[in-house]
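The structure appears right after this line, and notes come after that.
The values are calculated or read from the model by the stated rules, or taken from the named source; none is laboratory data. Since we're looking at a predicted model, the values are computed, not measured. In this analysis, Cβ positions are derived from the backbone assuming ideal geometry, glycine residues included, and neighbour counts consider all displayed protein chains. Accessible surface is based on the protein model in full, side chains and every heavy atom, while ligands, DNA and RNA are left aside. Shrake-Rupley method; radii C 1.70, N 1.55, O 1.52, S 1.80 Å.
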Amino acid sequence: MTCASCQAANPDGASFCMSCGSPLQRLCPSCGTEAPAGAKFCGNCGTALASADTPAAAVPEPASGAPEEAEQRRMVTVLFADLSGYTSISERLDHETVKALVERCLTRLAAEVERYGGRVDKFIGDNVMAVFGAPVAHEDDPVRAVRAALGMQAAMSALREELGARFGMEPELRVGVNTGEVLAGRIGGAYTVVGDAVNVAARLQAAAPVGGVLVGERTRRLSAADIVYRAIEPLTLKGKSEPVPAWAAVELGADAHAGHETSRAAPLIGRAEELARLDGALDRVCREGGSHLLTLIGQAGVGKSRLLLEFELGLDGRESAPLLLSGRCSAFGQSGSYGPLIEMLQAACAISEIDDSSTARAKLAERLQPLLSEREGAVEAERRIAPLARLFGAGDAGPAAPAEDQQSAREGFFGAVRAVVEALANERPVVLAWEDIHWADEGSLDLIEYLSRWLRAPVMQLCLARDDLLERRPEWSVVRRTVSTAFLEPLPADDARRLVESLLAAAGAQAERPAELAERSGGNPLFAEAMVQRIAEEGGAGEELPDTVQGLLAARLDSLEPAERQLVADAAVLGRTFSEAALEPLAGMSRADLDRTVAALLERGILVPGEGAEEGGSRRLAFKHVLIRDVAYEMLPRAARARRHAEVATFILDGPGGGEAASAVVAEHYARSVAYAAEAHLPASEQESLRQSALRYGEAAGDAAASLYSNPEALGHYGAAAALAGTDEAAAQRIAEKSGDIALRLGRVEPAIEAWESCLEYQGRQGDPVHVAELHRKIGAAFAHKGERKRAIEHHQQGINLIKDREPSLTLVRLYEDAAWLYVQVGDNMLAIYAAEKALRLAEALGEARAASRAHGIFGRVFARIGDAAKARENLERAVALAQESDAAETVLALQALGHNLEHTEGDRDGARARYGEALELAERIGDVPAQIELRAALGQLAFERGEWEEARTGAEASAELAEREGLVGKLCLANVLRGRLRLHEGELATACGLFEAAAELAEQAGWSEVAASALMGLASAREQAGDGAAARAALLDALRVCERAGLLPQSVQANARLAAAWLRDGDTEAAREAATRAVEGAERVHDPAAVAAAAEAQAVLAGPG
Amino acid sequence: MTEPQTDLVELTRRSMMDANDSDFAAAAAVFADDAVFDVSDAGIGRFEGRDAVRGYLEDWIGSFERQGFTSWEGTDLGAGYVFVDAVFEGSPAGSDAHVRERWAFRVRWDHGRISEVLAAQDVVAALEAARSLASAGGAR
């Protein structure tokens, strides 16, 4: 025997080379049979053997093209195996012999790792560390690792017997297996993985009993369908603060060979067309008596097996129920050569898994001999059965054919299969279901093709395969008369949503947005099921990728060419959809290479054309499945993500679309960059630079959103930016102030005040009184809005004092404007006139049409209040005219004010409606949502006054919908008041009360005293109608308190007048007089028509008896 | 500090009437160089220095037409303090509409000049505060 390593001659039967110590025999990676040195194929199963022996101590390098060019975060399963039990022989045998024996054991262990697609990472003395999932992932790496571990123990058992007899060596093994995320890449020059998952695997191995396999929680969960486990007490492991759950792997599960059970938890949704196609093919086979090969191709989890199951269920209902024989190919070849055929024969001949080979052969003969004899005679039948019997063990089937006869032997074998299938089909039609043939051995694929050509009987071959099959056998999809291919695509959106809902119901789980979950699943039923299961088990919204899905997709990515993989990783940073132009600078490859690689990814279905085209004709591209993008992204190390995101941001900024509109995207990239940079502990200077960019663009994104009234988004951006401000106090204060502005827009008065007050001290230190005054103005306005008049005045006062003696400024104008408006509200008409006059003069001095418009608006309201309707109209119209010259948003406000005046002062509802309508149209055009909410409600209110109920309802609902959609909860009170009035009108008193109460509460929260008072008075009306006088009075007193607190004079006149009437009805004349007096006195200070009318009623109370 | 025995109420009234008649020079003449006219309580501002006070008076009076005090009642509280309870009426410029406000002024005299005027709208509270201050000898 010649050593393959050193070519030295060795005696027959030697296990190791006497010259170099290399093993002289190798094990078949498929079946474990020993193969002599130099053998190219396994003598037992025919599996190809490596061309040269691999010394056990040499760590195999990954194959060329394996995805280890760059560091990656990967989900892997790590196996540690520790060999022991040979110390005693060390005393007796020469240490070279001991070494050789140990190496033989390690080689055997390595063979198990390789057999299941793992990679020996290193040998540490007599310890093996193996990794499943890096550099190449399989969808079932945890299963593979545990199978390898059990295989190692079985191999050691066998070796112990052999080596014990020959050398007195009794090797023992402890194995630990653990699954988790690691960083994979070259560390210290060698490719390896690092991470806690590795440490835990090593600790599990140390804790394992001799002959045992301990696995961690994640490994068990991901392999529970294939492996039988026994729970053990959680282990206290070194370096772990908490006990670690662990399980002992006992044996392969009963279903381990059957692959994963196709779920029947949910009904088959969609797929009617595909099912009809299968039925149609079978119909034709039965009708014409010929054969047909139909291959169903689709991505993992898309529902091929589920469709087969449904097809199978339908067979029983057929007139002549066909015989269905199915066989599945295994991902890691444990089914060996012709594995699916063996399964089919087992089913056809009632051979069970536990039958030994002689029993199996006997059953085979018993079933097939009569069938074949009838057609071909007994001798021929026996000749046919012989090669098939060999599938169940050599037995007395005779020796394997010599190599020169291999081709004819194979033809004989195929012919035998054909004869058997035809004989079976002679009884009734046959369906041969070949599952997962993308994993099939070459022999099986050849056999299927052979059968498709030569079968002359009613046989339908139904093959299920992933796209990979077409890479192995591109000609497979060539259509012939008896061959067809169908592609199973992901479920359309509606079907996917229905599926998710059905799965959620079956699992008793809930998801807030099933449609989003369905979209995220990409219409892949397996992914949807895994996500729902995760929600059911762990809660959440389905954002976390289930490990099973992650494994499937990682394997898919690893099957790509290195350049394709790299491009996918680059594209993943850009998001689900992106432009080809954006990819170019990231990819760092020539245009031609980029085109070629993109074309390949499109061809492989990783990418699809995106919607629309960008400027310059750059194509939009998209990940076909968002989860592919997510997995590719997750595989990037954090440092790489940090830098890639920053590069993308730079690219966007430099590109043609890098304006304000892109700021949110840029901010998002920088924010991610900062977060990952911190996690990856990038150099401080680099982190600082990223932080500054993130801060800058985060704030810009907030500004952009604010300018579009996207208030919640703006607040989100500002919040994120504020978190990045760090020690940059100026930025922190600036952003806090802007956040306050947006909070007020959203009706969140308290947070707004809090934000601005926090800025006062800092701005004071900066020596910018105008800025400080502006903050006082905002705070004052917020307090005024809240109805806290005194505090509002204090802040206006402080603002005015700070800057009234300086150069005129817009802030001063606005301070006077706000003060004037406050005075108008509370009936301090002289002060209102003075302040409005100041505002107008200053605005004119500044040449500020917008400010002048506001001042005229104030004047208009003052004149309306003091009874000069002509001057009111004149000023309000002037306000509109000035606003129209300057600013659309201002025009909306001015039109609103004019409409309000027409409605309430002049009683001109048509005019009011026209103005509100005009304002609404403009507000819609410029996207002024808060104004739209108010105007919709105002128009609804007008309709209510006119008795146009449907229009009133429309207005209320439109206003409410907008407020809810935009998160402007405070403004919802407007719609609720109107809804309450409508219900009151319809006599639904309880509902009306509820709506008024809700409106009052919201208005109070938002500091909208005027609306709160209105809601409370509505509540009083509803309670009055319900006959609850005391409760009605309580509501009026609440309204009065709000009016007095906020200085709402006209409303307080009305509330007092109504209280007077209420007291009078209840017989308390004294209280009625007091209320009436307050109403009349109040009315003297205002010229509000409604208040005047109310005062007249109060007069009647005063004039009445008593 | 004790103020010479002069009719502070009358001096106060004269100054306010001068302002009312748009004779702002005369109205401001009785104010000390560093006098303060504080209308903070109403939210209008605190005017410091004679010129600023004059400016404020010009602005205020200039905001109205046919303006004047329809009621004016001054009380010498001692310690240099005069309390004025007055109703001011007028029409906004260009309008016939009528407006009126009741005001309280606490006027402090030092060395024959007004050193401070505190304007307030809540007359009762202002009077109480002024009395309390005066009885304490003017300590601020």
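Taking all protein chains as they are arranged and a probe of 1.4 Å, the heavy atoms of A:Lys871 leave approximately 40 Å² accessible to solvent. Going through the cross-link list A:Lys738/A:Lys778; A:Lys790/A:Lys971; A:Lys738/A:Lys838; A:Lys738/A:Lys790, which pairs have a Cα-Cα distance over 19 Å in this structure? A:Lys790/A:Lys971; A:Lys738/A:Lys838; A:Lys738/A:Lys790, as the Cα separations exceed 19 Å there. Kirkwood Rh over alpha-carbon pairs of region A:723-882, then Stokes-Einstein at 37 °C and 0.692 mPa s: what D in µm² s⁻¹, rounded to an integer? Calculated translational D: 203 µm²/s. Contact with the other protein chains removes 20 Å² or more of accessible area, compared with the isolated chain and a 1.4 Å probe, from these residues of region B:50-77: B:Asp59, B:Trp60, B:Ser63, B:Phe64.
Ignoring ligands, DNA and RNA, how much accessible area is buried between chains A and B, both sides summed, with a 1.4 Å probe, to the nearest 100 Å²? So the buried area, both faces added, is about 2100 Å². The order of A:Arg576, A:Arg865 by accessible area, most exposed first and with a 1.4 Å probe, is A:Arg576, A:Arg865.
By how many degrees, between 0 and 90 and to the nearest 10, does the Cα long axis of helix A:406-427 differ from the longest principal axis of chain A? The angle comes out at about 70 degrees. For A:Arg1073, the solvent-accessible surface computed with a 1.4 Å probe is close to 60 Å², ligands and nucleic acids excluded.
With an 8 Å cut-off on Cα pairs and a minimum separation of 6 or more residues, tell me the relative contact order of chain B in percent. Can you show the working numbers first?
On the way: 275 pairs, mean separation 33.7, N = 140.
Here the relative contact order equals 24 percent.
Label separation (A:Ser758 vs A:Asp356): 8.1 nm, computed from points 7 Å beyond Cα along the C-beta direction.
Values of log10 I(q)/I(0) for region A:142-200 across q = 0.20 Å⁻¹ run -0.82, by the Debye formula with one identical scatterer at each alpha carbon and no solvent.
Average accessible surface for region B:34-140: 41 Å² per residue, computed with a 1.4 Å probe over protein heavy atoms with every protein chain in place.
With a 1.4 Å probe and every protein chain kept in, tell me what percent of the accessible surface of chain A is carbon plus sulfur. Walk me through the numbers on the way to the answer.
Working: 23380 of 46390 Å².
Answer for chain A: carbon and sulfur cover 50 percent of the accessible area.
Placing pseudo-labels 7 Å out from each Cα toward the beta carbon at A:Ala347 and B:Glu128 gives an inter-label distance of 9.7 nm. Gyration tensor analysis over the Cα atoms of chain B returns equivalent ellipsoid semi-axes of 24, 16, 13 Å (largest first, whole Å).
Say R0 is 45 Å: what FRET efficiency, to the nearest 0.05, do B:Asp59 and A:Ala1100 get from their beta-carbon distance? So, using R0 = 45 Å, E works out to roughly 0.55. Taking a cut-off of 22 Å, what percent of all Cα-Cα pairs in region A:787-886 are separated by more than that? Roughly 25 percent, once rounded to a whole number. The accessible area of A:His985, taken with all protein chains in place and a 1.4 Å probe, comes to roughly 90 Å². Sorted from longest to shortest, the spans of the Cα atoms of region A:554-597 along the three principal axes equal 28, 22, 12 Å.
Taking R0 as 60 Å, what FRET efficiency do you get between A:Lys790 and A:Lys240 from their Cβ-Cβ distance, rounded to the nearest 0.05?
Here the calculated transfer efficiency is 0.45.
For chain B, adding -39500 (n - 2.57) for each run of n ≥ 4 DSSP H residues and dividing by the number of residues yields -10000 deg cm²/dmol at 222 nm. Here is the tail figure for region A:866-933: Cα pairs spaced more than 14 Å apart come to 55 percent of all pairs.
Placing pseudo-labels 7 Å out from each Cα toward the beta carbon at A:Ala224 and A:Glu807 gives an inter-label distance of 7.4 nm. By the helix-only formula, in which each DSSP H run with n ≥ 4 contributes -39500 (n - 2.57) and the sum is divided by residues, chain A has a 222 nm mean residue ellipticity of -20000 deg cm²/dmol.
The largest accessible area among A:Phe392, A:Phe578 belongs to the first residue in A:Phe392, A:Phe578, and the rest follow in falling order (1.4 Å probe, all chains). Considering only Cα atoms, the convex hull volume of region A:1033-1105 works out to 66 Å³ per residue. Normalised by 2.2 N^0.38 Å, where N is the number of residues, the C-alpha radius of gyration of region A:858-990 stands at 1.07. Based on protein heavy atoms only, chain A ends up with 42 Å² per residue of surface accessible to a 1.4 Å probe.
Of the solvent-accessible surface of region B:1-67, computed with a 1.4 Å probe and all protein chains present, 46% belongs to carbon and sulfur. Relative contact order, whole percent, for chain A stands at 6, derived from Cα pairs under 8 Å and 6 or more residues apart.
What trypsin sites (Lys or Arg not before Pro) in region A:443-506 are in a loop by DSSP, with at most 14 other Cβ atoms within 10 Å of the Cβ?
Taking region A:443-506 and a limit of 14 other Cβ atoms within 10 Å, the loop trypsin sites (Lys or Arg not before Pro) found are A:Arg456, A:Arg481.
Extent of the protein assembly as shown along its three principal axes (Cα atoms, max minus min coordinate, largest first): 143, 73, 60 Å.
Tell me, what is the FRET efficiency for A:Glu561 and A:Val478 to the nearest 0.05, using R0 = 22 angstrom and their Cβ-Cβ distance as r? Present the calculation step by step, with values, prior to reporting the outcome.
Numbers: r = 24 Å, r/R0 = 1.11.
Once rounded, the FRET efficiency stands at 0.35.
Over region A:403-454, the reciprocal of the mean inverse Cα-Cα separation, the Kirkwood hydrodynamic radius, stands at 12.1 Å. Where in region A:567-589 does the amide nitrogen come within less than 14 Å of the point 7 Å from the Cα of A:Val608, taken along Cα to Cβ? Within reach of a label on A:Val608, which here means backbone N under 14 Å from a point 7 Å along Cα→Cβ, region A:567-589 contributes A:576-578. For region A:794-820, a drop of 30 Å² or more in accessible area on going from the chain alone to the assembled protein chains (1.4 Å probe) is found at A:Gln797, A:Asn801, A:Lys804.
Think of region A:593-720 as a dipole: +1 on every Lys or Arg Cβ, -1 on every Asp or Glu Cβ, centred on the Cα centre; then among A:Leu607, A:Ala720, A:Ile652, A:Leu607 lies furthest on the positive end.
Note on surface exposure: B:Asp7, A:Asp1028, A:Asp547 rank B:Asp7, A:Asp1028, A:Asp547 by accessible area, highest first, 1.4 Å probe.
Listed values for region A:719-735 are Karplus-derived 3J(HN,Hα) couplings in whole Hz (6.51 cos²θ - 1.76 cosθ + 1.60, θ = phi - 60°), namely x, 5, 5, 4, 5, 9, 5, x, 8, 6, 5, 4, 5, 4, 5, 4, 6, and x replaces Gly and Pro.
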